[in-house]
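Read the structure below first, then the notes.
The values are calculated or read from the model by the stated rules, or taken from the named source; none is laboratory data. The structure displayed is predicted, hence computed values, not measured ones. So basically every Cβ, Gly included, is an ideal-geometry build from the backbone, and we count neighbours across all protein chains shown.
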Amino acid sequence: MEHIVIIGNGISGVTTARHIRKLSEKQITIVSAETDYFFSRTALMYVYMGHMKFEHTQPYENWFWEKNRINLKKGYVKNIETKSKTLHFAEGDTLKYDKLIIATGSKPNKFGWPGQDLEGVMGMYHKQDLENLEKYAPNNKVCKRAVIVGGGLIGIELAEMLHSRHIPVTFLVRESSFWNGVLPEGESAMINREILNHGIDLRLGANLKEIKADANGKVKSIVIQETGEEIECNVVGLTAGVSPNIDFIKDSEIEIGRGVKVNRFLETNIPDVYAIGDCAEQHEGIDQRRPIEAVWYTGRMMGETLAQTICGNRIQYKPGHWFNSAKFMDIEYQTYGWVFSKPRENETHFHWKHDDDTKCITVCYNTTSNEFLGINTFGIRMRHEIFDRWLTEKRDIDYVMTHLIEANFDPEFFKHFEKDILKAYNNKLQLA
Ligand SMILES: Cc1cc2nc3c(=O)[nH]c(=O)nc-3n(C[C@H](O)[C@H](O)[C@H](O)COP(=O)(O)OP(=O)(O)OC[C@H]3O[C@@H](n4cnc5c(N)ncnc54)[C@H](O)[C@@H]3O)c2cc1C
């Protein structure tokens, strides 16, 4: 029987395994060095914040795997020999495959900062990072201050986590405003204020120069590049982005760039070897997507797609309209379609912000045709399926603005803002 081996028990690997099992009787083995069982990485923050136990982040009961004849192997793959179709483990053993799926996810970026490997310095990606955080930042007596380096989605989550345990946080953000490479100016500025309102010491335009150690090799302080200021701290969180976790593949014949290079069928340059999820890199981005998509739902979609191919129905990965969601402290964020930080050529942004400074939207449309291209919403929850439909139907901006209420999750609640948003939109049209 054909043996399918999947390296990585995250959302991508596990989705592939589940769907292969639905479609076939193939032998399936999932390998992971991190944990025995699949867990939801996106829920890690809630474990530290005390909203759930780690066991609750596991979507399947432990018996699920045996019942579905999915073998689980704990071990770190240190080398892939594609000619003999063999995996070599750091633990010394080997495993043969007929088809191999690389789903090894990401790792936190480290840019060679002095002191980046000291005790008390950690990323916020793996379960081991959570364990380190519990060890070095259990409360504000053990950890008098934490410094977070890197202002993206994971950085702000870590800030919220530490804040929930009343640990003072200094947040170093390289950019002049939070996540302004992605968010339009008004939104980014609102999130700066949200961070500051939570008592977090936000430092914009600040890079890390070095991390200093005490006599025991533990973090003592950090130094800011631009000002030379030294800030005492017990924990440093490195959240300056992630990159594909593929170092162990470098010596193999599998083509890599930043990630494992794949075509639209998620196939690598080597027959019977595939890559999916955070670690896969398209030769060219699909639509306006980036070649590497490090988000949960795309990992799941790639897994579903690849299971079809593995089971004889070779299909392309077609992710559809872009969407994403996150939370910035207390403000929920959703994005549908494309709203870039600055309007691209022949694009216009319409921005509306509520006076309470916790809700805003930015709508992007084509300046000539008026076609609706995308929306960012903050503090107002909108319906994915409606925007997905409007994008497919290529609705114009007037239609979207006058039907916004249909997209709202809570139309009653939205009634309070709708008039205001429409008034602002109509004013803008008159001024234009
Ligand atoms: C704190 C946090 C919050 C997030 N929040 C969101 C969110 O709100 N929305 C969203 O869309 N995305 C979010 N993400 C991103 C999302 O979690 C990832 O995109 C997703 O988990 C990637 O899944 P994956 O299956 O590709 O890889 P992973 O989940 O990284 O799984 C890969 C597994 O492979 C293992 N592995 C790697 N190399 C080897 C090896 N050589 N041998 C054996 N095992 C190996 C790893 O240890 C890991 O267990 C968040 C990520 C983090 C860290």
Checklist entry - In the set 253, 284, which member is free of Cβ contacts under 8 Å to residues at least 12 places away in the same chain, away from the ligand (no atom under 14 Å from the Cβ) and not assigned by TED's automatic domain parsing to the domain that holds residue 158? => result 284
Checklist entry - Where in the range 177-250 are there strands (runs of 3 or more DSSP E), lying wholly inside it, with at least 3 residues that are surrounded by fewer than 19 Cβ atoms within 10 Å (Cβ to Cβ)? => result 208-213, 230-232
Checklist entry - Looking at (1) touching a residue at least 12 places away in the same chain (Cβ under 8 Å); (2) loosely packed, with under 14 Cβ neighbours inside 10 Å, which is the only condition residue 67 fails? => result (1)
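For the range 59-94, name all the residues that are assigned to a loop (DSSP other than H, G, I, E, B) and either closer than 14 Å to residue 251 by Cβ or within 13 Å of the ligand (Cβ to nearest atom) (or both).
If the condition is that a residue be assigned to a loop (DSSP other than H, G, I, E, B) and either closer than 14 Å to residue 251 by Cβ or within 13 Å of the ligand (Cβ to nearest atom) (or both), then 59, 75, 76, 82, 83, 90, 91, 93 are the ones that fit.
If I go through the range 18-44 residue by residue, how many of them are within 11 Å of the ligand (Cβ to nearest atom) and part of a helix (DSSP H, G or I)? Break it down stepwise before answering.
Of all residues in the range 18-44, those within 11 Å of the ligand (Cβ to nearest atom) come to 30-44.
Still in the running and part of a helix (DSSP H, G or I): 41-44.
The qualifying residues number 4.
Only one of 22, 107, 53 is of a type in the set (D, E, K, R) and over 30 Å from residue 160 (Cβ atoms); which?
Numbers: 107 fails: over 30 Å from residue 160 (Cβ atoms); 53 fails: over 30 Å from residue 160 (Cβ atoms).
Answer to the selection: 22.
Here are 169, 142, 147, 173: which of them is touching a His at 6+ places or on another chain (Cβ under 7 Å) and in the same structural domain as residue 214 (by TED's automatic domain parsing)?
Result: 169 is the single residue among 169, 142, 147, 173 that is touching a His at 6+ places or on another chain (Cβ under 7 Å) and in the same structural domain as residue 214 (by TED's automatic domain parsing).
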